[in-house]
1. How much area per residue is accessible in the chain when the probe is 1.4 Å and only protein heavy atoms are counted (Å²)?
2. Relative contact order for the chain: what is it in percent, counting Cα pairs under 8 Å that are at least 6 residues apart?
3. Which distance in Å, rounded to a whole number, links the C-alpha centroids of the range 66-127 and the range 244-287?
4. Pick the calculated Kirkwood radius over Cα pairs in Å for this structure from [x] 22.4; [y] 21.0; [z] 23.3?
5. Take peptides 96-108, 62-74 and line them up by average Cβ neighbours within 10 Å, highest first, as a rough protection proxy.
6. Computing the accessible area with a 1.4 Å probe over protein heavy atoms, can you report the carbon and sulfur percentage for the chain?
7. Which value, in debye to the nearest 20, describes the size of the charge dipole of the chain about its Cα centre when Lys and Arg Cβ atoms bear +1, Asp and Glu Cβ atoms bear -1, and nothing else is charged?
8. What's the ranking of 145-152, 316-323 by average number of surrounding C-beta atoms within 10 Å, highest first?
Amino acid sequence: MPMRTMLATARRDAWEWEQGQAGLAQRLADWRAGDAAAPVLAAMERFGRGEPLEKCSGLADLFADESGAAMDFVRSFAAVGLAGLRDHPLGQLPLRHGMRTAAPALVLASSGRASLALAGYDGSVLDTLPAPKTAKFAPRETWIHVLDGTGTADLVLLRDEEAEGERRVLHSGSLALRPGTVAYRYGPRQALQVRSAKGHLVLLRLQRRFAGHEPAREYSVPDGALVHQTAGRVEDTLLELAVNLLGRMRRRDAVWPMIRLASGVKDPEAGESLRWQAMREALAMDSAAGLDLLAMLATSPGDPLAAPAAALRASLLETRPELGRSG
């Protein structure tokens, strides 16, 4: 059936498209249960819970030097996926995906703090991009296995901390990427930036976030200055955006949930950055409740927000003593 005819049919009746989506979902489920993927996905569950990679047989094989396991795994997925899209050309495989400049990625599996993705780089697009001015260091570890194509990457290392406290010494080296290349990156100290590819470059990428709340930091490559800092957890980033939005909307009904979030009651896993932002927004909308929150945080032994909360409360009461008066 010509594509134009298929599109016209889909506009009139979604039944065929829905059937196609169901068919693609079933094919993906069959692949996941098959011999090629099932051992990898079982290992992903253990890896996502924090098991060392070397103890996750099946997944570890994908990132072993000179191993054909990674290519066999990806080929099995490609065969199922392409056959499904050939039969249902208007459909979409039910997988998370992202589109960065020159580097689309498809998440083949995820569990806990870990994800396994297939990423592709377009050399013609990479050639048009300027040299990166910053390098981002995130609280996660990453393994890559180059499956096809050749290229180069900059490996930026975060070295010693200078006296100013905000500037770090960065050192950059070059890494050749070719089929079979396997590399490990420790995110808080190493940043990998793919810079070029001859035609295309395809790699399998395994990532696992650390269990703590260390933020992601972005530094200027020329001088090592800290230019940006974000929450390490995706959940914290989304909640920070929500807290900021509620604050801008002056949603006073959100003050109490913000106080619970800032205190650590609502989400004991919330990071310091998220808790502090929730405290600031609550304080801006309700000064009395905010000061009570600061007093509670300031007298909480072991809480990393205790010292900054005490300092902020003292500063507020010094500049605006009327805030400390009852009634």
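1. The answer is 56 Å² per residue.
2. Details: 553 pairs, mean separation 41.2, N = 327.
Taking the mean separation of contacting Cα pairs over the length of the chain, I get 13 percent.
3. Centre-to-centre (Cα) distance: 38 Å.
4. Answer label, from the structure shown: [z].
5. 62-74, 96-108
6. Numbers: 9670 of 18170 Å².
Answer for the chain: carbon and sulfur cover 53 percent of the accessible area.
7. Working: 40 positive and 39 negative charges, 124 e Å.
So the dipole magnitude of the chain works out to roughly 600 debye.
8. Numbers: 145-152: 19.1, 316-323: 11.1.
By packing density, highest mean first, the sequence is 145-152, 316-323.
The values are calculated or read from the model by the stated rules, or taken from the named source; none is laboratory data. The shown structure was predicted, so the numbers you read here are calculated from the model rather than taken from an experiment. As a convention, Cβ positions derive from the backbone with ideal geometry for all residues, glycine included, and neighbour counts pool all protein chains shown. Keep in mind that these areas ignore ligands, DNA and RNA; they rest on the heavy atoms of the full protein, side chains included. Shrake-Rupley method; radii C 1.70, N 1.55, O 1.52, S 1.80 Å.
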